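Here is the structure we will look at.
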């Protein structure tokens, strides 16, 4: 990939190791707390934290977009803000079905808003990557599809490799989301490789790491749904919280660099 366009040197500011440790400790504390709550209480607890973290990421992303005012980066962070807004909407619907109406939340209309996160995050990543680079290398063009292909193969194998398995609605429905999540995961890795150098700043690297963790959590979740093994107290729920905390931290640092 080509050399990035001119980027202010201030964007290379260092990360605060104590904040990163605090995020990880908070994640561990949240997971531990959920193991001691009843099923109803853990649902309310998970819902509250999900809205707070995803909503916080949306607000800060919109603020970053406004700081850029116009141009490619303003549009990129607008996409990111819209993505997390869609995620918050999905969570509100998901937990309303589960906690208020006692309706199975998966599948439901909430999934439309969950899925909307993927194209919006992809838009954010592609705008940033294209802005700072001339294109993808031949090697990257080969391995970018590798992650989605691997995730889909694993999903199909796990889904159809059990006794009496069949390619029914649930199978194809889950396949759509695994595809979206794994494609997003693939491009977050491209973003991490793009922004790993100090020239582009650790802020962007931290942001795409947060998005990468979130996408990886989604892939994990849809594989869990194959066997109905997901619950609010499952570790993947905490993975999403930690991912959003990383995103918020990265965006807050980004504001200071504009």
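Read-outs: derived from the displayed coordinates by stated rules, not from any lab. As the structure is a prediction and not an experimental result, all values here were calculated from the model. Note that each Cβ is placed from the backbone with ideal geometry, even for glycine, and that neighbours are counted across all protein chains shown.
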A chain fully extended from residue 39 to residue 63 at 0.36 nm per residue, minus the present Cα-Cα distance, gains in nm 5.0 nm
Residue 229 and residue 164 label points (each 7 Å along its Cα→Cβ direction) are spaced in nm at 2.0 nm
Cα-based Rg and Dmax for the stretch 9-257, where Dmax is the largest Cα-Cα distance (Å) | 18.3, 59
Modelled FRET efficiency - R0 30 Å, residue 256 with residue 24, Cβ distances, 0.05 increments | 0.85
Highest-fluctuation residue, 153, 178, 239 considered, GNM on the chain with Cα pairs under 10 Å = 153
Say R0 is 41 Å: what FRET efficiency, to the nearest 0.05, do residue 138 and residue 74 get from their beta-carbon distance?
-> 0.80
222 nm mean residue ellipticity, helices alone, for the chain (DSSP H n ≥ 4; -39,500 (n - 2.57); rounded to 500) = -25000 deg cm²/dmol
